[in-house]
Structures are given as structure tokens and as C-alpha cells.
Amino acid sequence: MAEGGHAGTPPVRLWVRRVGVYCDEHRKTWLVAAEEEEGMLRARIQRVQVPLGEALRPSQLPPSRLPHMWQLSQGEQYRDSNSRVWEIEHHLMLGGVEELLLKLVPGD
């Protein structure tokens, strides 16, 4: 587990704006990268200020293992636009950057 300071409350919703860039309910931008290790999919999400630019429609985005939207759910979880559950592995401040690490919970 990474070491870092407390980052406060995680975003309630994250919507894709364009490839690799998501926006939260406060119009803050987050850079998202998929990571896969031993068949486990994770999303490393860092709050970084970038120009919002034009939002792309889902049909304009290339195929991705990451969802178009995450919504904070019960407990330490997010539910995505495909009804999958993602567990919060950590939500920290690392080197002055807010980071959220989500792990896809395997489906039944």
C-alpha cells in the first residue's frame, strides 16, 4: 500500500470527457490510467488540472476496459456505468497530488 496523507472525501461521480480525462461533480479534472496485473484490473485516478476541452460522446471514444462513469456507492466502493463494482484500494495525497486507486471486483 502506498504511503501518503489523507485526501478527504472522494469524488461522488466521475464522467469521461475524453480518452484518459474524467471530470467530477465540481468540474475538477482527473487523469485515469488502466493497470492490469495478474488478471486484476485497476484504475489509477489522479486529480490534475488540465483544460476540460470538448466532451466526447461515448460513441466517439475508442473501446476501453474503463467505464464512461463511476458513481460512489455504499461503503468504500464505486459502481460504474456497466453496473460493475470497484473497490477503493486507496485515496491519498501523494506528492501533492490527490490519487484514487480503484480495483474492479470480479463478477459472479
Roughly what would the spin-label model give for Glu37 and Gln74, points 7 Å off Cα along C-beta, in nm? 3.0 nm
Label point distance in nm, Val12-Ser64, each placed 7 Å from Cα along Cα→Cβ: 2.3 nm
For the stretch 11-108, run through the GluC sites (Glu not before Pro) and keep only the ones in DSSP coil with at most 16 other Cβ atoms within 10 Å of their Cβ. Glu25, Glu38, Glu54, Glu76
Relative contact order of the stretch 42-108, defined on C-alpha pairs under 8 angstrom at six or more residues apart (%): 35 percent
Which of [x] 37, 36, 26; [y] 87, 31, 18; [z] 56, 26, 25 gives Cα extents along the principal axes in Å as computed here? It is [x]
Of the trypsin sites (Lys or Arg not before Pro) in the stretch 23-62, which ones lie in a loop per DSSP and count no more than 16 other C-beta atoms within 10 Å? Arg27, Lys28
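Any read-out appearing in this document is the output of simple, stated calculations on the displayed coordinates, not a laboratory observation. Computed from a predicted model, the values in this text were never measured in an experiment. Every residue, glycine as well, gets a Cβ built from its backbone with ideal geometry; the counts of neighbours run over all protein chains shown.
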